[in-house]
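Asks: Take a look at this one; I'll ask things after.
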Amino acid sequence: MAFITEKKLKDSKYTYTLSSNIKKYTLRDLTFVPNKLGNFEFQRLLEVSPNSGEGFLLKIIVNNDLSGFKLSITDKSGLREVNIFKNSDPIIVEKFYFQMQLFVNREIFNQADA
């Protein structure tokens with residue numbers, strides 16, 4: 001998957017774009033980890049019960065020059081994309097929106113109604 005500038009997950013209420021105010025130190029503060037290519041990677045398991053190890057993997061990669069990103073929600077193995085907005089526990093959807101709102105508040109992403 002190539003880096004993009006705008007992403008709307010299927011059946012999500014919002015479309016996300018990178019903020020023009022994004023900073024590398026803010027990414028590090030929010031637990032984005034630089035990978036071997038210099039891109040910043042964030043992974044979080046969206047679980048109904050904390051520490052259960054069962055849930056869906058939220059994965060975000062921001063490229064090194066902060067001009068594009070990848071955003072996906074997959075099964076726990078990270079191999080198959082899933083749609084958490086249909087037939088999922090509402091807690092998982094709420095946790096996704098909570099996490100993304102944190103990124104919006106810290107000026108990583110801009111959020112617009114889809």
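Asks: Output the residue which, of all residues in region 43-62 that are over 24 Å from Lys86 (Cβ atoms) and touching a strand residue (DSSP E or B) at 6+ places or on another chain (Cβ under 7 Å), is surrounded by the most Cβ atoms within 10 Å (Cβ to Cβ). Reasoning before the result, please.
Replies: Applying the first criterion (over 24 Å from Lys86 (Cβ atoms)) to region 43-62 yields 51, 61-62.
Pick out the ones that are also touching a strand residue (DSSP E or B) at 6+ places or on another chain (Cβ under 7 Å) and you get 61-62.
On the way: Ile61: 19, Val62: 23.
This residue is Val62.
Asks: Give me a count of the residues in region 1-24 that are within 26 Å of Lys86 (Cα to Cα), in a loop (DSSP other than H, G, I, E, B) and of a type in the set (Lys, Arg). First the steps, then the outcome.
Replies: Initial filter on region 1-24 (within 26 Å of Lys86 (Cα to Cα)): 1-18.
With the extra rule that they be in a loop (DSSP other than H, G, I, E, B), the set shrinks to 1-3, 5, 8-13.
If we keep only those that are of a type in the set (Lys, Arg) as well, we get 8, 10, 13.
Within region 1-24, residues that are within 26 Å of Lys86 (Cα to Cα), in a loop (DSSP other than H, G, I, E, B) and of a type in the set (Lys, Arg) number 3.
Asks: Output the number of residues of region 86-114 satisfying the condition of being surrounded by fewer than 17 Cβ atoms within 10 Å (Cβ to Cβ), over 14 Å from the mean Cα position of the chain (by Cα) and either small (Gly, Ala, Ser) or within 22 Å of Glu47 (Cα to Cα) (or both).
Replies: Qualifying residue count, region 86-114: 7.
Asks: Among the residues of region 62-83, which ones are in a strand (DSSP E or B) and without any contact (Cβ under 8 Å) to a residue 40 or more places away in the chain? Please lay out each step first, then the result.
Replies: To start, the set of residues in region 62-83 that are in a strand (DSSP E or B) comprises 62, 69-74, 81.
Of everything in region 62-83, those that are in a strand (DSSP E or B) and without any contact (Cβ under 8 Å) to a residue 40 or more places away in the chain turn out to be Thr74, Glu81.
Asks: Can Thr5 be described as among the hydroxyl-bearing types (Ser, Thr, Tyr), in contact (Cβ under 8 Å) with a residue 40 or more places away in the chain and loosely packed, with under 11 Cβ neighbours inside 10 Å?
Replies: yes
Asks: Next question. Answer yes or no as to whether Leu37 is in a loop (DSSP other than H, G, I, E, B), under 12 Å from the mean Cα position of the chain (by Cα) and among the aliphatic types (A, V, I, L, M).
Replies: Numbers: in a loop (DSSP other than H, G, I, E, B): yes; under 12 Å from the mean Cα position of the chain (by Cα): no; among the aliphatic types (A, V, I, L, M): yes.
Criteria not met by Leu37.
Asks: Among the residues of region 84-114 satisfying the criterion of being assigned to a strand (DSSP E or B) and hydrophobic (A, V, I, L, M, F, W, C), which is farthest from Thr17 (Cα to Cα)? Spell out the reasoning first.
Replies: To start, the set of residues in region 84-114 that are assigned to a strand (DSSP E or B) comprises 109-113.
Add one more test, that the residue is hydrophobic (A, V, I, L, M, F, W, C), and what stays is 109, 112.
On the way: Phe109: 5, Ala112: 8 Å.
Top of the filtered list is Ala112.
Asks: Return the pairs, sorted by first residue and then second, in which the second residue is outside any strand (DSSP E or B) and among the aromatic types (Phe, Trp, Tyr), the first residue lies in region 10-38 and is free of Cβ contacts under 8 Å to residues at least 60 places away in the same chain, the beta carbons are less than 9 Å apart, and the residues are 6+ apart or on different chains.
Replies: Filtered contacts from region 10-38: Lys24/Phe32.
Here, each number is a calculation from the coordinates, and none is a lab measurement. Remember, predicted model here, so these are calculated numbers, not experimental data. Backbone-built Cβ (ideal geometry, glycine too); neighbour counts: all protein chains shown.
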